[in-house]
Amino acid sequence: MTTPTELDPTLAAMRDELDRLRAEVEAWRARFAKGEVRDLAYTNSANEVAPLYTALDLEGSAGTAFEVPGQFPFTRGIHPTGYRGKLWTMRQFAGFGSAKETNARYKFLLKEGTTGLSVAFDFPTLMGYDSDHPRSEGEVGKCGVAISSLADMEQLFEGIPLGEVSTSMTINGPAIILWCFYLAAAEKQGVPLAQLRGTVQNDILKEYMAQHAWCFPIEPALRLIVDMFEFGAKEVPQWNTVSISGYHIREAGATAAQELAFTLADGFTYVERGIARGLDVDDFAPRLSFFWDIHNDFFEEIAKLRAARRIWARHMKERYGATSSRSLIMRFHSQTAGVTLTAQQPMNNVVRVAYQALAAVLGGTQSLHTNSMDETLALPTEQAVEVALRTQQVLAYETGVPNVIDPLGGSYYIEKLTDEMESEAERLFEEIAGQGGVVPGLETGWFQKKIAESAARQQWEIEQYRRLIVGVNAFTTEERALEIPLLKIDEQAAKDQAAALSRLRQSRDSARCTAALDRLREAARGTENVVPFILECARCYCTLYEIRAALEDVFGAYREPVFF
Amino acid sequence: MSRPIRVLVAKPGLDGHDRGAKVVAAALRDAGMEVIYTGLHQTPEMIASAAVQEDVDVVGLSILSGAHMTLFPRVLQLLREQGRDDVLITGGGIIPKEDMDALEQQGIAKLFGPGTPTTALIEYIRAWFAARQAQGA
């Protein structure tokens, strides 16, 4: 047996260097302790941060010293070419008022250089209600665009060739219905389904967890998602059938580590459901994508994104037996954190968004939405949206940041934090398993309670001045009259929608609608894939609520566990 | 020693943003009030009927969907119809200042925007309650 020293003199030299470093760090620590310093610092997720990281912090971990981007486990990125090959997609989420108004905003955004569309629906649409349903009163077109049938979807994309854009739709409870409206609109434009590119958010688990726009109970809702996996893999192969979202979990109060772990656990649940249906994991996993919230703690966010890629790749390979590299890579969209924007001194939000955007890009995002400065006050104005988009363009074309792939790889702090994020997530996976998994954890409200506890703690920290928010509990100024203009949504969209729906109901073939809805109920009661049945309902202009109601006849509605 | 203040924290409208409502509910409870939380997606009718059944002093409405101009006055009207115009209807969310002023004109009490410390709500409710008790005595 030879010792490494005898084997290789360079290794011995390296060990001596590490010993020397250890002594240097000890000496530094003594000098640091004598200085006047803040004794403790924490990340946004309340993990303690050391004032200095060295090679010693990575002992026992290789970090990413032996990794290149585009190779398992993809910590350093999913593409070998990084942003040299393709910049991230600048995808600004937009929608308000009627389909016609939003169509005009999309044309504006496309002209200004946005490279992908992202549809924000109003709350009635998100919940599966038509614009003229009594529950929709006061809400139509307020926080997004109102889409009640194929006719509205056709109007939304009028003059925009669906074979050439990629469209992301933030829709969950009734996602399967809106997706069918989109597919039917493409058919009417003469675009083959196989040519369509885009994403439906369709992540119902995080709806129960955090965002709360649901329709049906958990089990039938999961079945609908797997139906979409199955149909999408065959007929719409370039479409991302779910965007597994941490965004709303974080916005609702979760820490970075909770966002990471809860979201990945949701993702694993979808994979397990797909496999249980008898699908080959490599047939549907390549179409799963993710969506992360980019919060204020710069390094923690970058580490979260790096850890997320690594955990997903490892679990997909080792637990679920995926072999295609397309199944192992985590593609994701990012959005800067809405919850960090302040109503006080709203111009400061431009700065927050810029730092968050930088973190998203250093973390290797595939697409990015930057928030507008006025979003704690109202939906953004065109001017505010333009500044937000320009923020990305400055980052992309002026800063030099996209030139190098994973430029922070090898930073002692980033590598240590990435490792810590990963081990914290693994610890939370065990806790979730202890709850019986994601679905039982939702039914008992375990996730919801964890998120609410974190939110309450953050509020307490702000009120105790342990967490400083510029303009809110530090550096406050006398309240000035608002210095930025706000977007106003009038009630006209609601009136127009109601009139259009009543015309639609009179002009369509109602016998064909009734028959299509009956066939859908029958399919929902059985085990057949319901997508073709909903698509037929869409084609004959059944409305959103009619389709939701038909499914609800079979599935029932979701009731939330109420607590605080 | 006066009795605890009873508060209904309610989420009218269709938006699912319950972070603020839950933080406020917990803070009011920790301040010694008796708090009932309705859960999400409540109609004005559901809220008014819960307020009457639970015999609350205060209704705190939380909304971020933009439907406040439709839904808040309806809660107020329903409570008045049931003879409960003594209930303080306050709340918060994403509500532009001029809408807050318009709602106040109609009889809704003070509304709070993002960044408000929970201590401000607690003080506001306590001061209102003390004034009402003093009037009643």
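No value in this document is a laboratory result; all are computed from the given coordinates. Since the model is a prediction, treat every value here as computed from it, not as a measurement. All Cβ positions, even for glycine, are placed from backbone atoms using ideal geometry, and neighbour counts span all protein chains on display.
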Rounded FRET efficiency, nearest 0.05, which uses the C-beta distance separating A:Arg277 from B:Gln53 and R0 of 45 Å:
0.50
Sort out for me the Cα centre separation of the stretch A:185-214 from the stretch A:11-70, rounded to whole Å.
45
For the stretch A:425-524, which trypsin sites (Lys or Arg not before Pro) are both in a DSSP coil and crowded by at most 15 other Cβ atoms within 10 Å?
A:Arg466, A:Arg480, A:Lys488
Only helices counted: for chain A, with every DSSP H run of 4 or more residues adding -39500 (n - 2.57) and the sum spread over all residues, [θ] at 222 nm is -15500 deg cm²/dmol
Shape of the stretch B:71-137, Cα gyration tensor, a/c cut at 1.5:
oblate
The simple spin-label model distance between A:Glu26 and A:Arg390, using points 7 Å out along Cα→Cβ, in nm, is 5.6
Over chain A, what is the relative contact order in whole percent, taking alpha-carbon pairs under 8 Å and six or more residues apart?
18
Tell me which aspartates and glutamates have Cα within less than 15 Å of A:Lys107's Cα, excluding those fewer than 8 residues away on the same chain?
A:Glu154, A:Glu158, A:Glu164, A:Glu382, A:Glu386
Percent relative contact order of the stretch A:412-564, based on C-alpha pairs within less than 8 angstrom and at least six residues apart?
18
What does the structure give for A:115-126 when I average, per residue, the other chain Cβ atoms found within 10 Å of the residue Cβ?
2
Looking only at other chains, what is the average number of their beta-carbon atoms within 10 angstrom of each beta-carbon in B:108-114?
2
Other chains' Cβ within 10 Å of B:25-31 residues: what's the mean?
3
Go through the stretch A:1-80 and name the trypsin sites (Lys or Arg not before Pro) that are in a DSSP coil and have 16 or fewer other Cβ atoms within 10 Å of their Cβ.
A:Arg38
Which whole-number percent is the relative contact order of the stretch A:222-325 (Cα, under 8 Å, 6+ apart)?
33
Within chain A, which whole H helices from DSSP have a Cα span along their axis of at least 24 Å and a mean Kyte-Doolittle hydropathy of 0.5 or more, if any?
none
Quick check on packing: order A:195-201, A:92-98 by the mean number of other C-beta atoms within 10 Å, highest mean leading.
A:92-98, A:195-201
